[in-house]
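The values are calculated or read from the model by the stated rules, or taken from the named source; none is laboratory data. Model, not experiment: these values are computed from the prediction. Because the Cβ atoms are built from the backbone with ideal geometry, glycine has one as well, and the counts that use them run over all protein chains shown.
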Amino acid sequence: MAGPGMRPTAVLFACGMNSVRSPMAEALTAKLFPGQIYVRSAGVRSGKVDPFVDAVMAEIGVDMSRHTPKTFEDLDESGFDLVVTLAPEAHHKALDMTRTESVEVEYWPTLDPTLATGSREQILGEYRAVRDQLMMRIKKRLDWAPPPSG
């Protein structure tokens, strides 16, 4: 278990349907902390794969083809040090599920890019904004440092 000021070793990201925000956050964390942090994602309800997520994550070299949306109930693991919720409904669900556990639950209000309208490029812009916001928050919260260049 991580103490105050310590980096968590197991993180769960949660949103509404595990289609956009939480799988992005899971993939970004895995990319930034390979082999260092156990990371998973889940949603309150079952969602479907979102092709815009695949597109904006591929732009930064992250392959999302293996992601299958999962609900909290689909998770076959527990023992997370930190649960980060990205939507209000996920926050309520996480607090309810962890009320008897010693786990930090943090709410990071994150816009839902599926609500974006306009051209394909405008919609992709909204997805990129969410991706980049998550990247910044993850780096800050989990104390990321760039690997030493050799």
Handout entry: Looking only at the range 92-127, and only at residues there that are without any contact (Cβ under 8 Å) to a residue 24 or more places away in the chain and buried (at least 18 other Cβ atoms within 10 Å of the Cβ), the one that is farthest from S19 (Cα to Cα)
Key = V103
Fill in the blank from the handout: For V84, the lone unmet condition from (1) aliphatic (A, V, I, L, M); (2) free of Cβ contacts under 8 Å to residues at least 24 places away in the same chain; (3) assigned to a strand (DSSP E or B) is (2)
Exercise for the section: Within the range 2-60, track down each residue that is surrounded by fewer than 19 Cβ atoms within 10 Å (Cβ to Cβ) and on the phi > 0 side of the Ramachandran plot. Expected result: G5, G35
Fill in the blank from the handout: With the first residue restricted to the range 9-22 and required to be within 16 Å of R137 (Cα to Cα), and the second required to be assigned to a loop (DSSP other than H, G, I, E, B) and hydroxyl-bearing (S, T, Y), Cβ contacts under 6 Å at 6 or more apart or on different chains are R21/T110
Problem - Residue match in the range 46-62 (condition: assigned to a strand (DSSP E or B), of a type outside the set (A, V, I, L, M) and touching a helix residue (DSSP H, G or I) at 6+ places or on another chain (Cβ under 7 Å)) - result: no
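Yes or no, residue by residue, for (1) more than 14 Å from V84 (Cα to Cα); (2) assigned to a loop (DSSP other than H, G, I, E, B); (3) modelled with pLDDT under 95:
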site: G118; (1), (2), (3): yes, yes, no
site: A129; (1), (2), (3): yes, no, no
site: M135; (1), (2), (3): no, no, no
site: D143; (1), (2), (3): yes, yes, yes
Fill in the blank from the handout: K140 passes all but one of the listed conditions (1) more than 24 Å from T9 (Cβ to Cβ); (2) surrounded by fewer than 10 Cβ atoms within 10 Å (Cβ to Cβ); (3) within 20 Å of the chain's Cα centre (by Cα); the exception is number (1)
Practice task
Any chance you could count how many residues in the range 110-142 are aromatic (F, W, Y) and over 16 Å from D54 (Cβ atoms)?
Solution key: 0
Problem - Count of the range 1-45 residues which are in contact with a helix residue (DSSP H, G or I) (Cβ under 8 Å, 6 or more places away or on another chain), more than 20 Å from P109 (Cβ to Cβ) and part of a loop (DSSP other than H, G, I, E, B) - result: 1
Exercise for the section: Filter the range 16-39 down to residues that are closer than 18 Å to L95 by Cβ and more than 8 Å from the chain's Cα centre (by Cα), then give me how many there are. Expected result: 2
